[in-house]
Protein chains: 2
Amino acid sequence: MKGELLCIPCTVRTALDIAVKATEDKELQSKLVYETMKWLVETPDVLNETPAMLHTHVQRLAEKITGATDPFKDLKKASNEIALRVVPVLEKKCVQLKFADAFRLAVLGTICGNAIDFEVEEHRFSMDELESSLLLCLNGDLVIDDTVKLNEALSKSKKVVYLLDNAGEIVFDKFFMRIITSHFSVNVYAAVKNGPILNDTTMEDAEQVRLEEVAEVITTGNDHIGVNLDESSEDFREHLRTADLIIAKGQGNYESLTEVEHLFPKPIAYILKAKCSLVADKLGIPRNGNVVKIIS
Amino acid sequence: MKGELLCIPCTVRTALDIAVKATEDKELQSKLVYETMKWLVETPDVLNETPAMLHTHVQRLAEKITGATDPFKDLKKASNEIALRVVPVLEKKCVQLKFADAFRLAVLGTICGNAIDFEVEEHRFSMDELESSLLLCLNGDLVIDDTVKLNEALSKSKKVVYLLDNAGEIVFDKFFMRIITSHFSVNVYAAVKNGPILNDTTMEDAEQVRLEEVAEVITTGNDHIGVNLDESSEDFREHLRTADLIIAKGQGNYESLTEVEHLFPKPIAYILKAKCSLVADKLGIPRNGNVVKIIS
């Protein structure tokens, strides 16, 4: 998926978001926002890039300007902790359901895990509120619901590559992987980023939530949002080639993998909430719609 | 109130908002967004201006680039119509209250009139939903509540200048002015913009909602967001000088009038919802707080 004009204000806003997390120095914050705008203005055809690439560029610029290598570190850690405390709400509901329903609810849970706001400031934190927003989200619909097809694809697969998205959310992904591995004879390879980029999951997060209990944890070989094959390790590319099914979580993976999916002639399941109208339009759904969509 | 770094992404986003309303030509839309960024990058000390000035500049740039003089025209008309249909909900509640409570609810109503979303697309429009969001908003608090002081100031005034904010919202302002004029011996001069700027109220809107029934409608003499004395008519400046009380609605008036309030040694009542964190910080309240604050 290429960028569109909407990505321009979004990228500038991301620059500010990163800036205030990366440094308290107002001048450096300002420098990052202005350098981002200059780059956008001076780079011809910048919107031929994916939105994932635009935001990746800004974080790399932030590191150059501020020296901060992992501005979302504390946020990621807190997100994982909070998610670990609320995921039992989902587990309890799933235990009471038959498999197909539990499967559907668990996959919806991975979308809710991304959607409920783990960026809650400490002093406003309320477990009750988080629990009730989770329950509300779990009562939501899948606007595109290919869970039956996903079920079928899993029943025909031996090797699944699961492209992770954010910290916090991975706790819900882990639960979904447990449902998958308890029912299907598959090996799940869960891919984290090889270095910090925004609040994307890294090896540190995987260790914090003990992801290795349900999957073999691999990395993309780079610190790019979504999938960037040019910057990937040969090891990661080989995993994508030899997988029977790829599960891609979140907008970043959707934006970037759709550009190269023709290279992987196998089922790809995109699981996400369409938070931005560009992604929603591409999928032909209203904004904020929940999606489980299989390409095969 | 001067701008801060937060105003940069906000101004770029505003450029896109105006662009898509001003033209369907993608190239012109893009030109406006890019020219806005260039202007922000190339203008030294642009953040010494008020946010109101930044957004005004973008709309003027939009007119130069796209030729559109009033991109929010249809939206303003629809906002007025919708507001005229929901304001009876507020009127009915106020009739049952004694004066001080009705006064407080009517002033809160003018804030709710700004906050409830009149930008609803036609096909999603539901009167029930609008009515219930209005009722929900009317149950809200005033985080800063100087309504008693405002009452006192009105009882000592003969001439009130009421600086209007947006279309739609003015229907609620009109109801509040009716409460004021039915109880106090004051003449209200309601100031609209002298030309289109975003969805700010113009003479056309005032006529549509028959504002002249409760106030003498005047203009600021310009099409600048908020108050810009350099561009104002002498007539408008004279009204400000001779008023006993100024009521300033919304963020735009707050942002700009706070810069020149020392020139008007009289009570000024700021009535607004602090939608942006910059305004909220300035007022020392949480974002989205409702405010009736008197400076005297």
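The values are calculated or read from the model by the stated rules, or taken from the named source; none is laboratory data. Everything numeric in this text was worked out from a predicted model, so none of it was measured. Cβ sites come from the backbone with ideal geometry, for glycine too, and all protein chains shown count toward neighbours.
Yes/no matrix, rows are residues, columns are (1) among the aliphatic types (A, V, I, L, M); (2) at pLDDT below 95:
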residue	(1), (2)
B:Trp39	no, no
B:Ala106	yes, no
B:Thr110	no, no
B:Phe118	no, yes
Within the stretch A:27-46, residues crowded, with 20+ Cβ neighbours inside 10 Å, farther than 23 Å from A:Val227 by Cα and at the interface with chain B (Cβ under 9 Å from one of its Cβ atoms) come out as A:Gln29, A:Val33, A:Met37
Specify the residue that is surrounded by the fewest Cβ atoms within 10 Å (Cβ to Cβ); the eligible residues are those in the stretch B:136-150 that are in a helix (DSSP H, G or I) and in contact with a strand residue (DSSP E or B) (Cβ under 7 Å, 6 or more places away or on another chain).
B:Lys149
Taking the stretch B:167-221 and keeping residues within 19 Å of B:Gly113 (Cα to Cα), within 16 Å of the chain's Cα centre (by Cα) and not hydrophobic (A, V, I, L, M, F, W, C) leaves B:Gly168, B:Glu169, B:Asp173, B:Lys174, B:Lys193, B:Asn199, B:Asp200, B:Thr201, B:Thr202, B:Glu204, B:Asp205
Given the conditions (1) surrounded by fewer than 23 Cβ atoms within 10 Å (Cβ to Cβ); (2) in contact with a Leu (Cβ under 7 Å, 6 or more places away or on another chain); (3) outside any helix (DSSP H, G or I), report the number of the one that A:Val161 does not fulfil.
(1)
Apart from one, (1) at pLDDT 95 or above; (2) more than 20 Å from B:Gly195 (Cα to Cα); (3) of a type outside the set (A, V, I, L, M, F, W, C); (4) touching a Lys or Arg at 6+ places or on another chain (Cβ under 8 Å) all hold for B:His224; the odd one out is (2)
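For (1) closer than 24 Å to B:Gly3 by Cβ; (2) of a type in the set (Asp, Glu); (3) touching a strand residue (DSSP E or B) at 6+ places or on another chain (Cβ under 6 Å); (4) touching a residue at least 60 places away in the same chain (Cβ under 8 Å), each residue gets a yes or a no:
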residue: B:His55; (1), (2), (3), (4): yes, no, no, yes
residue: B:Ile65; (1), (2), (3), (4): yes, no, no, no
residue: B:Lys73; (1), (2), (3), (4): no, no, no, yes
residue: B:Lys93; (1), (2), (3), (4): no, no, no, no
residue: B:Ala100; (1), (2), (3), (4): no, no, no, no
residue: B:Leu134; (1), (2), (3), (4): no, no, no, no
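Of all residues in the stretch B:255-287, which are touching a strand residue (DSSP E or B) at 6+ places or on another chain (Cβ under 7 Å) and within 17 Å of B:Arg237 (Cα to Cα)? Walk me through it before giving the result.
Step one: filter the stretch B:255-287 for residues touching a strand residue (DSSP E or B) at 6+ places or on another chain (Cβ under 7 Å), giving B:257, B:261, B:264, B:266-274, B:283, B:285.
Of everything in the stretch B:255-287, those that are touching a strand residue (DSSP E or B) at 6+ places or on another chain (Cβ under 7 Å) and within 17 Å of B:Arg237 (Cα to Cα) turn out to be B:Leu257, B:Glu261, B:Phe264, B:Lys266, B:Pro267, B:Ile268.
Listed here are the residues, each with its yes/no results for (1) modelled with pLDDT of 95 or more; (2) among the charged types (D, E, K, R).
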{"site": "A:Leu97", "(1), (2)": "yes, no"}
{"site": "A:Ala115", "(1), (2)": "no, no"}
{"site": "A:His123", "(1), (2)": "no, no"}
{"site": "A:Gly140", "(1), (2)": "no, no"}
{"site": "A:Asp146", "(1), (2)": "yes, yes"}
{"site": "A:Ser155", "(1), (2)": "yes, no"}
{"site": "A:Leu163", "(1), (2)": "yes, no"}
{"site": "A:Gly168", "(1), (2)": "no, no"}
{"site": "A:Phe176", "(1), (2)": "yes, no"}
Search the stretch A:1-26 for residues that are at the interface with another protein chain (Cβ under 7 Å from one of its Cβ atoms) and within 24 Å of A:Asn253 (Cα to Cα) and pair each with any residue that is polar (S, T, N, Q) and assigned to a helix (DSSP H, G or I) when their beta-carbon atoms are under 8 Å apart and the residues are at least 6 apart or on different chains.
A:Leu5/B:Gln29; A:Leu5/B:Ser30; A:Leu6/A:Ser277; A:Val12/A:Thr36; A:Leu16/A:Gln29
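The rows are residues; the columns are (1) surrounded by 23 or more Cβ atoms within 10 Å (Cβ to Cβ); (2) charged (D, E, K, R).
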{"position": "A:Gly168", "(1), (2)": "yes, no"}
{"position": "A:Val188", "(1), (2)": "yes, no"}
{"position": "A:Met203", "(1), (2)": "no, no"}
{"position": "A:Glu216", "(1), (2)": "no, yes"}
{"position": "A:Asp223", "(1), (2)": "no, yes"}
{"position": "A:Gly226", "(1), (2)": "yes, no"}
{"position": "A:Glu231", "(1), (2)": "no, yes"}
What pairs come up if the first residue lies in the stretch A:255-270 and is free of Cβ contacts under 8 Å to residues at least 40 places away in the same chain, the second is in a helix (DSSP H, G or I) and acidic (Asp, Glu), and their beta carbons are under 8 Å apart, counting only those six or more places apart or on different chains?
A:Ile268/A:Glu261
Looking at the structure I just gave you, is B:Val86 in contact (Cβ under 8 Å) with a residue 40 or more places away in the chain and either within 22 Å of the chain's Cα centre (by Cα) or at the interface with chain A (Cβ under 10 Å from one of its Cβ atoms) (or both)?
yes
